[in-house]
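Peer 1: Let me begin by handing over the structure; questions about it come next.
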Amino acid sequence: MRYTETQLLIIDPQNDFCDLPENWQPRSPVTEQVIAPSLPVAGAHADMQRLASWIAAQGETLGQITLTLDSHQSYDIAHPAFWQQRDGSAVTPFTQITAAQMRAGDFAPRNAAEQSRTLQYLDQLEAQGSYTLMVWPLHCEIGSWGHGVHASVLTACRRWQDLQHRAVRHVFKGMNPWTEHYSAIRAEVPDTQDPETGLNTALLAQLRASSQLVIAGEASSHCVRATTEHIVDNWGSDDFSRIVLLTDCMSPVGGFEAAHTAFLQHMHAIGVRCETSASFNL
């Protein structure tokens, strides 16, 4: 294979995932209330500012930027609107739901007609052994402020486009309400009725053609981890030295710090390069 250029893959650098200071948070023109990030990752704002500075410094050498966007609707299998408890009350965010709990009647979809399909999904998810379904706060709702890109990263990407005379590539994931979609490469359980949830072979081919593939984004415990693992699984060789993780441009969801540490340790052990934006130059 002929390796073409250094590529940067930015995973989900979105407002809802960033612990933005108050002066970065807008007000709703409808309610006049401050719109706060719905799923802020501690450290993400600083991560994205470091990443923006790195893009600015490396822009002349950086050949391609691909940016993924977590893209959901309110009604989603991993959002509270989908679920109810045994007594019909709401399911609070950060509740994990297993197939056994659903069979016991502790949780059920609000739409009773979707009981069978939902249980089948949980069975498939658990059989893979990767994640337990998590009910997250409504986040990255399509069209919302929270779905948008962190302002510093957006500005850096715009300047890179002006410099390079080429567009940033965007990858949308998570629009199918029937499956979780942490990874930009494929959904956790691909929906056979929706090709967009299957293996993204075109994206993989593009990334594999990199002379160096630099990865940053949020969150390291979930979407960065899942995407990187799927890239490694489909890299086509056991030489991962062309993959670089900018470890100071990613942070874990609170409570999942151990997953972050295990992810970086595993990537380092197999030969993926773990660098910081301060020391890594193209």
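The values are calculated or read from the model by the stated rules, or taken from the named source; none is laboratory data. If you're wondering where the values come from, they're calculated on a predicted model, not measured in any experiment. Cβ: placed from backbone, ideal geometry, glycine included. Neighbour counts: every protein chain shown. For the accessible areas, the whole protein counts, side chains as well, though only heavy atoms, and no ligand, DNA or RNA atoms are used. Shrake-Rupley method; radii C 1.70, N 1.55, O 1.52, S 1.80 Å.
Peer 1: Treating the beta-carbon of each Lys and Arg as +1 and of each Asp and Glu as -1, no other charges, what is the dipole magnitude of segment 193-273 about its Cα centre, to the nearest 20 debye?
Peer 2: 220 debye
Peer 1: Tally Lys/Arg at +1 and Asp/Glu at -1 over every other residue whose Cβ is under 13 Å from the Cβ of Val189; what's the total?
Peer 2: Combined, the nearby Lys, Arg, Asp and Glu give -4.
Peer 1: Taking 0.36 nm per residue of separation and subtracting the Cα-Cα distance, what length does fully extending His268 through Ala127 add?
Peer 2: Here the segment from His268 to Ala127 would lengthen by 48.0 nm.
Peer 1: Next up: Calculate the all-directions average of the projected area of segment 14-121's alpha-carbon convex hull, and give it in nm².
Peer 2: 10.6 nm²
Peer 1: Moving on to the next point. Between Arg27 and Glu257, what is the label-to-label distance in nm when each label sits 7 Å out along the Cα-to-Cβ direction?
Peer 2: Once both label points are built, they end up 3.7 nm from each other.
Peer 1: May I pose another question? Extending each Cα 7 Å along its Cβ direction at Asp238 and Ile142, get the distance between those two points in nm, one decimal.
Peer 2: That separation, rounded to one decimal, is 4.3 nm.
Peer 1: Let me ask something else about it. For the chain, calculate the relative contact order in percent as a whole number, restricting contacts to Cα pairs under 8 Å that are 6 or more residues apart.
Peer 2: 26 percent.
Peer 1: Also: Let me make sure I get this right: for segment 181-282, a, b and c are the square roots of the gyration tensor eigenvalues over alpha carbons, sorted descending. Under 1.5 in a/c it's rounded, otherwise prolate if a/b > b/c, else oblate. Which is it?
Peer 2: In terms of gyration-tensor shape, oblate.
Peer 1: Let me ask something else about it. With a 1.4 Å probe and every protein chain kept in, tell me what percent of the accessible surface of segment 1-90 is carbon plus sulfur.
Peer 2: The nonpolar share, carbon plus sulfur, comes to 49 percent.
Peer 1: Same structure again: Place a +1 charge on the Cβ of each Lys and Arg in the chain and a -1 charge on the Cβ of each Asp and Glu, then give the dipole magnitude about the Cα centre in debye, rounded to the nearest 20.
Peer 2: Once rounded to the nearest 20, the dipole reads 500 debye.
Peer 1: I would also like to ask the following. Counting only protein heavy atoms, what percent of the accessible surface of segment 131-258 is carbon or sulfur at a 1.4 Å probe?
Peer 2: 51 percent
Peer 1: If you don't mind, there's one more thing I want to ask. Note down, for segment 102-224, the three equivalent ellipsoid semi-axes (square root of 5 times each alpha carbon gyration tensor eigenvalue), biggest first, whole angstrom.
Peer 2: Rounded to whole Å, the semi-axes are 33, 18, 13.
Peer 1: To the nearest 500 deg cm²/dmol, what mean residue ellipticity at 222 nm is calculated for the chain from DSSP H runs of n ≥ 4 alone, each contributing -39,500 (n - 2.57), summed and divided by the residues?
Peer 2: Using -39500 (n - 2.57) per qualifying helix, the result is -9000 deg cm²/dmol.
Peer 1: While we're here: Could you tell me which of Gln73, Gln120, Gly88 has its Cα farthest along the dipole of the chain towards the positive end, charges placed at Cβ (Lys, Arg +1; Asp, Glu -1), taken about the Cα centre?
Peer 2: Farthest towards the positive end: Gln73.
Peer 1: If you don't mind, another one. For the chain, set up a GNM with springs between Cα atoms under 10 Å and report which of Ser152, Ser116, Ser144 has the largest fluctuation.
Peer 2: Maximum fluctuation in the GNM of the chain, among the listed residues, is at Ser116.
Peer 1: Probe of 1.4 angstrom, ligands and nucleic acids ignored: what's the accessible area per residue over the chain, in square angstrom?
Peer 2: Here the per-residue accessible area is 45 Å².
Peer 1: If you take every residue apart from His45 with its C-beta less than 11 Å away from the C-beta of His45, what net charge results, scoring Lys and Arg +1 and Asp and Glu -1?
Peer 2: Taking every Cβ under 11 Å from that of His45, the sum is -2.
Peer 1: Moving on to the next point. Picking from Gly59, Gly198, Gly255, which is most flexible by a Gaussian network model of the chain using Cα springs under 10 Å?
Peer 2: Greatest mean-square fluctuation among the candidates belongs to Gly255.
Peer 1: Out of all DSSP beta bridges in the chain, what portion is antiparallel? Express it as a percent rounded to 5.
Peer 2: Restricted to the chain, the bridges split so that about 25 percent are antiparallel.
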